[in-house]
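Here is the structure we will look at.
The values are calculated or read from the model by the stated rules, or taken from the named source; none is laboratory data. It should be emphasised that the depicted structure is a prediction, and the values quoted were computed from it without experimental measurement. Please note: Cβ atoms are built from the backbone with ideal geometry, for glycine as well, and neighbour counts cover all protein chains shown. Protein only, heavy atoms only, side chains kept; ligands, DNA and RNA dropped before computing areas. Shrake-Rupley method; radii C 1.70, N 1.55, O 1.52, S 1.80 Å.
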Amino acid sequence: RGITLVAVGDNVVCTGFVIAPRKVVTAAHCLTRNASSGNYKLRRGLPGNIRLLRAYSQAAGGSPFPPCRASKVWAHSKFVRRDKADRQFGSRAHDYAVITTAAGCRYPTNAVMRMWATKATDSKLKAGQTTRMAGYPADPRYPGMNGLNLWRTTGKLRPVGSDPRMLSTTGFVAQGMSGAPVWRSYSSRSPCGRAQCVVGVLTECEVNARDLCKNGDSIRRAVRITPTVKKILKNR
């Protein structure tokens, strides 16, 4: 209920997740013109041409909820490029964005996914712990993976890498899942007060020669929900 398909114009681009009645988080590169080719400027026509489809699944006949339009888009200034003079952009640790829905579209409380803020130094997220993700993969190697169906996957946390602001995990990932929440599940003693606690925003995968996400236990990276990131996302 808290996962959204993010479409810009006629193109399905990424995944998002609900963090407040009118706020959806996604990856910042989903809203750029072509970050993979070095164009970090925001797409033209934002926010008016954004559509958010919550719990959408083509195989299930669409979504039981009406689509939402966006009234505002915010992406971190250390990732997007504002103008030609801007030289501080493209930071992987700042690859996140917030989409504010139009005034007439509010998500219910049970759609909100709680964020759990951690730091690499507090050892609350350890290598080997189970992670879960859900999003809209588009991968021509598999039938039905056209970016319009919601898929879930399970993985394991990897040791902290060179940048403690990032998380590394395994689990199936394909293009279209950028912006998906990475969470830990709890049956009791949840650190965020919900059964699912979001610990990261999925942003990238290792790719093969065809520019498709590698299979197996290759690393998937996510921006860690640190106290700073959580505060920024909640206040935008």
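Which one is farthest from LEU31 (Cα to Cα), of the residues in region 94-123 that are of a type in the set (A, V, I, L, M, F, W, C) and either in contact with a Gly (Cβ under 6 Å, 6 or more places away or on another chain) or assigned to a helix (DSSP H, G or I) (or both)?
ALA120
If ASP163 satisfies every condition in (1) in contact with a strand residue (DSSP E or B) (Cβ under 6 Å, 6 or more places away or on another chain); (2) in contact (Cβ under 8 Å) with a residue 40 or more places away in the chain but one, which is the exception?
(1)
If I ask for residues that are under 19 Å from ALA111 (Cα atoms), part of a loop (DSSP other than H, G, I, E, B) and in contact (Cβ under 8 Å) with a residue 60 or more places away in the chain, which ones from region 166-203 would you list?
Matches in region 166-203: MET177, GLY179, ALA180, PRO191, CYS192, GLY193, ARG194.
Could you check how many residues of region 68-100 are of a type in the set (Asp, Glu) and either crowded, with 20+ Cβ neighbours inside 10 Å or under 16 Å from the mean Cα position of the chain (by Cα) (or both)? Break it down into steps so the answer makes sense when it comes.
Residues of region 68-100 of a type in the set (Asp, Glu): 83, 86, 95.
Imposing the further condition that a residue be either crowded, with 20+ Cβ neighbours inside 10 Å or under 16 Å from the mean Cα position of the chain (by Cα) (or both) reduces the set to 95.
Residues meeting the conditions: 1.
Under the condition of being part of a strand (DSSP E or B) and hydroxyl-bearing (Ser, Thr, Tyr), which residue from region 126-162 is least open to solvent (accessible area, probe 1.4 Å)?
Initially, region 126-162 is screened for residues part of a strand (DSSP E or B), giving 130-135, 138, 146, 151-157.
Restricting the remaining residues to those that are hydroxyl-bearing (Ser, Thr, Tyr) gives 130-131, 153-154.
Numbers: THR130: 39, THR131: 1, THR153: 19, THR154: 78 Å².
Out of the qualifying residues, it is THR131.
Six or more apart or on different chains, Cβ atoms under 6 Å: show the pairs whose first residue is in region 114-141 and in contact (Cβ under 8 Å) with a residue 24 or more places away in the chain and whose second is surrounded by 15 or more Cβ atoms within 10 Å (Cβ to Cβ) and part of a helix (DSSP H, G or I).
MET115/LYS230; ALA117/LYS230
Looking at region 168-180 only, could you name the residues that are touching a Ser or Thr at 6+ places or on another chain (Cβ under 8 Å) and either buried (at least 20 other Cβ atoms within 10 Å of the Cβ) or not β-branched (Val, Ile, Thr) (or both)?
First, pick out the residues of region 168-180 that are touching a Ser or Thr at 6+ places or on another chain (Cβ under 8 Å): 169-173, 176-180.
Selection gives THR169, GLY171, PHE172, VAL173, GLY176, MET177, SER178, GLY179, ALA180.
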